[in-house]
Structure formats: structure tokens, C-alpha cells
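The values are calculated or read from the model by the stated rules, or taken from the named source; none is laboratory data. All figures in this text were calculated on a predicted structure; none of them were measured in a lab. With ideal geometry, Cβ positions are generated from the backbone for all residues, glycine too; neighbour counts draw on all protein chains shown. All accessible areas refer to the heavy atoms of the entire protein, side chains included, with ligands and DNA or RNA removed. Shrake-Rupley method; radii C 1.70, N 1.55, O 1.52, S 1.80 Å.
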Amino acid sequence: MTQLALVIDLNVCVGCHACVTSCKQWNTSGAAGPLFDDNPYGKDPTGTFFNRVQTYEVGNYPNTETIHFPKSCLHCEDAPCVPVCPTGASYKRENDGIVLVDYDKCIGCKYCSWACPYGARELDEKEQVMTKCTLCVDRIYDESLPEAERKPACVMACPTNARLFGDVHDPDSEVSVAIREQGGYQLMPEWGTKPANHYLPRRKTKMHIHEDELVRV
Ligand code: SF4
Ligand code: SF4
Ligand code: SF4
């Protein structure tokens with residue numbers, strides 16, 4: 001089975017938030033998103049975010065560094081947000097593994113939000129329906145777009161190529177190769193949710209080499 005996912009490279013993410021704003025732009029319904037008024041998936045209202053970037057300082061002064069950490073729904077393979085839903089609104093697609101919410105069935109009870117250990121869901125207060133990242137399901141299959149653009153909006157917008165998109169079940173895909181070669185990992189695998197999204201860890205670069213390690217030439 002295909003499992004589409006994002007792979008996020010923490011080594012090159014610069015925390016610019018382009019992925020956050022492009023996500024809002026693509027998925028916001030109503031006046032701010034006239035192209036997507038009739039988009040059944042992208043009901044991302046003002047005040048909620050499908051994708052957020054958190055920034056942390058790590059280490060002890062003076063050896064500190066800043067880590068930018070983009071976070072959205074991980075499209076878990078064993079998603080706890082699905083079986084708790086009393087109406088069947090929260091579901092995982094068999095053809096591509098994307099986890100979605102059917103807004104027509106959602107009653108806004110928030111069970112799925114409590115079940116998600118990653119805090120990936122946000123309630124649209126106005127519509128009283130649950131929202132979250134859709135992997136831009138309305139654009140990745142859109143044949144009116146050039147093939148190179150059939151990717152989530154955040155992937156298209158990232159200026160540093162920190163966001164890769166593809167099938168993590170295909171061993172030859174770009175995402176699988178990156179996971180294999182760069183030591184990609186899942187968030188909190190001990191919870192058994194099998195997140196499809198992966199992160200590539202920080203790797204040592206010249207900027208991370210402590211001055212004791214520099215060799216004078
Ligand atoms: Fe569900 Fe949360 Fe996993 Fe997304 S990250 S599939 S909302 S449990
Ligand atoms: Fe299902 Fe909606 Fe309740 Fe979530 S908030 S469990 S999607 S009905
Ligand atoms: Fe990081 Fe790319 Fe998002 Fe900018 S657009 S915050 S570099 S993942």
C-alpha cells in the first residue's frame with residue numbers, strides 16, 4: 001500500500017515559516033482563499049494552523065544552537081484519531097494512507113484531538129469541525145497542475161528544500177532514500193502510532209564544529 005508522507009530535514013530548516021504561510025494560503029477557505037471556496041478538504045480557517053514551526057534553543061552557553069521544528073499531522077499508519085471517532089468522520093484512505101476528516105460527518109466532539117498524541121488537530125470554532133493537515137490532497141492529484149507542482153503547498157514553498165514528499169513504502173522513492181541515508185526517524189515510535197512523516201536529524205556542519213576541533217593550517 002502506498003503511504004504518502006512528508007520528510008522534514010531539520011539540518012536545513014531555517015525557520016522561515018514559508019511552509020506555514022503557504023499552507024494557510026492554499027487551505028484557507030472563504031474570502032482569503034477564493035480559489036478554494038468549494039474545496040471539501042481545505043477548510044483551514046483563520047486562527048487554526050495545519051502546520052506550525054516551533055523554535056528551540058538547545059545546549060549550554062556558549063555552545064548553544066537554534067533548532068526549528070516544523071510540526072503537522074504525521075499521517076500515522078496506526079492512527080489513534082481514527083477508531084475513537086464516533087461518526088466515522090476521521091478516516092485513513094486506503095489508496096494513499098492520508099488521514100482526513102469528513103466535515104459533513106464531523107460533530108466537533110474533539111475525541112480525535114484528545115486521542116492524537118502529537119497535538120496535530122485543531123477545532124474550527126466557527127464551523128465546529130475538526131481540522132488538520134490534508135497533505136494538500138486537493139492539489140497532489142490535480143492534473144491541471146504541472147507534474148512538478150503536484151506536491152503539498154509547503155513543499156513547493158520551502159526555500160531550502162527541507163521538505164520532501166513521497167511514498168515512504170516505496171524503497172526507491174526520494175523520501176525513502178533520504179530516510180535511509182540520513183538516519184530519518186519517527187516522532188515517539190514507542191507510542192505505536194507508526195507516523196508516516198519522518199524527520200532527518202541535525203548533522204554536523206562547519207558551524208557545529210567546536211573551536212577545539214578546528215585544525216590550524
Ligand atoms: Fe491522527 Fe495525530 Fe497521527 Fe495525525 S498525527 S494521524 S491527527 S494521531
Ligand atoms: Fe470524529 Fe469530528 Fe469528533 Fe473528531 S471531532 S472524533 S472527527 S466527530
Ligand atoms: Fe523550515 Fe522550509 Fe518551513 Fe522554512 S519553509 S520553516 S525552511 S521547513
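Search segment 111-135 for residues being β-branched (Val, Ile, Thr) and outside any loop (DSSP other than H, G, I, E, B), and hand back the single one that is nearest to ligand 1 (Cβ to nearest atom).
So the residue we want is 131.
How many of the residues making up segment 159-174 are crowded, with 19+ Cβ neighbours inside 10 Å and closer than 21 Å to residue 20 by Cβ?
So the count comes out to 4.
What number of residues within segment 180-205 satisfy the criterion of being closer than 22 Å to residue 68 by Cβ and either open to solvent by less than 30 Å² (accessible area, probe 1.4 Å) or assigned to a loop (DSSP other than H, G, I, E, B) (or both)?
So the count comes out to 16.
Please indicate, with yes or no, whether at least one residue in segment 133-153 is open to solvent by less than 30 Å² (accessible area, probe 1.4 Å), in contact with a helix residue (DSSP H, G or I) (Cβ under 6 Å, 6 or more places away or on another chain) and farther than 16 Å from residue 4 by Cβ.
No, the conditions are met nowhere in segment 133-153.
Restricting attention to segment 155-179, which residues are in a loop (DSSP other than H, G, I, E, B), touching a residue at least 24 places away in the same chain (Cβ under 8 Å) and closer than 20 Å to residue 97 by Cα?
Of everything in segment 155-179, those that are in a loop (DSSP other than H, G, I, E, B), touching a residue at least 24 places away in the same chain (Cβ under 8 Å) and closer than 20 Å to residue 97 by Cα turn out to be 168, 169, 170.
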